[in-house]
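Participant: For reference, the structure I am asking about is given below.
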């Protein structure tokens, strides 16, 4: 018997033991969150609705800017158009608000096509400014839509809010009033949307399209040289973010039941705060927006009473984090510890394996 040269066997891994444990904890947490309305107060349900919707907006902006390299400050356009599409469908067509949420997402997707046509002609800071200008144009156009209140806005009809699908069953299940049942329904929808956003983005980043996305973000010219269609990848990310943002905007204003152009297209509420969440949590990571939205909610709860000073404090905190931890709080923590709850990087693992081959005696 003779020994042949050692053979090296490799395998590609993306999951880690930490991520597997985090997955199990996440499943338990999701089950608990779905069951929470049976025990929680209405105020807590409303707070969690806010956290979940802001988390979803942050995840889609992070997909756009952190993974796609497209820094947009006009995402409020898709929140607003999604919300107004829902109100228009309910008021003009008598559609139930829950299925009308889907129309909100489709309306945002449709708006993203002409938006992208103009915005993709710009680069860098000009792209960011261009998206903001386009969002302002959308706000001014919607303000002329008299059927949904014009510049002053309008409310959902009482007949629509009192008869939202599933609210009667929820009220009977938890023995609560109709208003509380509507909050529970909105909370559940927000939870489902957040799960789909996080799960969908994670799946995307682990796919071949995710590799193409990272390549285009890091070096578009090099990506094109190996056959990646950079423009198609950017369009895909832009349209996906618009769809998710529009769905979230429609859900937010279904819960509010009151809308106006200034509120629905607010730069502060739907873009500035979202950017703050992503930056302090960690841009370019799925965990970052989760950490960021919790910090943002805590700061908002503690500092909102200080009026304009609240915004200044948020700005100073954001600047401080960018200077001291450019990758955000989670990014810095992950760099130091190597912990990733949603690992997307591929690791090549291999070990030499000795094989024996029989020698032939003459």
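What follows is calculated from the coordinates using simple rules that are stated; it is not laboratory data. All values derive from a computational prediction rather than experimental measurement. Counting neighbours? That spans all protein chains shown, and the Cβs are built from the backbone with ideal geometry, glycine included.
Participant: Taking only C-alpha pairs under 8 Å that are 6+ residues apart, what is the relative contact order of the chain in percent?
Facilitator: Averaging sequence separation for qualifying contacts and normalising by length gives 35 percent for the chain.
Participant: In which sequence would 276, 127 go, from the one with the fewest C-beta neighbours within 10 Å to the one with the most?
Facilitator: Result, fewest neighbours first: 127, 276.
Participant: Another question about this same structure. Quick check: Cα centre of region 245-278 to Cα centre of region 138-212, how many Å?
Facilitator: Between the Cα centre of region 245-278 and that of region 138-212, the gap is 11 Å.
Participant: Using Cβ contacts closer than 10 Å as the measure, can you line up 177, 17, 209, 182 from fewest to most?
Facilitator: Ranked by crowding around the Cβ, least crowded first: 17, 177, 209, 182.
Participant: So what is log10(I(q)/I(0)) for region 66-224 at q = 0.10, 0.18, 0.19 1/Å, when the Debye sum runs over its Cα atoms only?
Facilitator: Values, matching the q order: -0.52, -1.18, -1.23.
Participant: I would also like to ask the following. Give me the percent of Cα-Cα pairs in region 2-357 that sit more than 35 Å apart, rounded to a whole number.
Facilitator: Looking at region 2-357, the distances longer than 35 Å represent 28 percent of pairs.
Participant: So, one more: Give me 245, 285, 161 ranked fewest to most by other Cβ atoms within 10 Å of their Cβ, as a rough exposure proxy.
Facilitator: Going from sparsest to densest Cβ surroundings: 161, 285, 245.
Participant: Grab the DSSP H runs of the chain that are 4 residues or longer, score each as -39,500 (n - 2.57), total them, divide by all residues and round the 222 nm result to the nearest 500 deg cm²/dmol.
Facilitator: So the calculated ellipticity at 222 nm is -22000 deg cm²/dmol.
Participant: Going by Cα centres, region 29-74 and region 297-331 are how many Å apart?
Facilitator: Cα centroid to Cα centroid, the span is 18 Å.
Participant: Find the percent of Cα-Cα distances in region 68-153 that exceed 21 Å, and round it to a whole number.
Facilitator: Result for the distance tail: 33 percent.
Participant: So how long is each side of region 227-275 along the principal axes, counting just the alpha-carbon atoms, biggest first, in Å?
Facilitator: That gives 48, 20, 15 Å along the principal axes, largest extent first.
Participant: Which angle from 0 to 90°, rounded to the nearest 10, does the C-alpha axis of helix 328-337 make with the longest principal axis of the chain?
Facilitator: Helix 328-337 sits roughly 20 degrees off the main axis of the chain.
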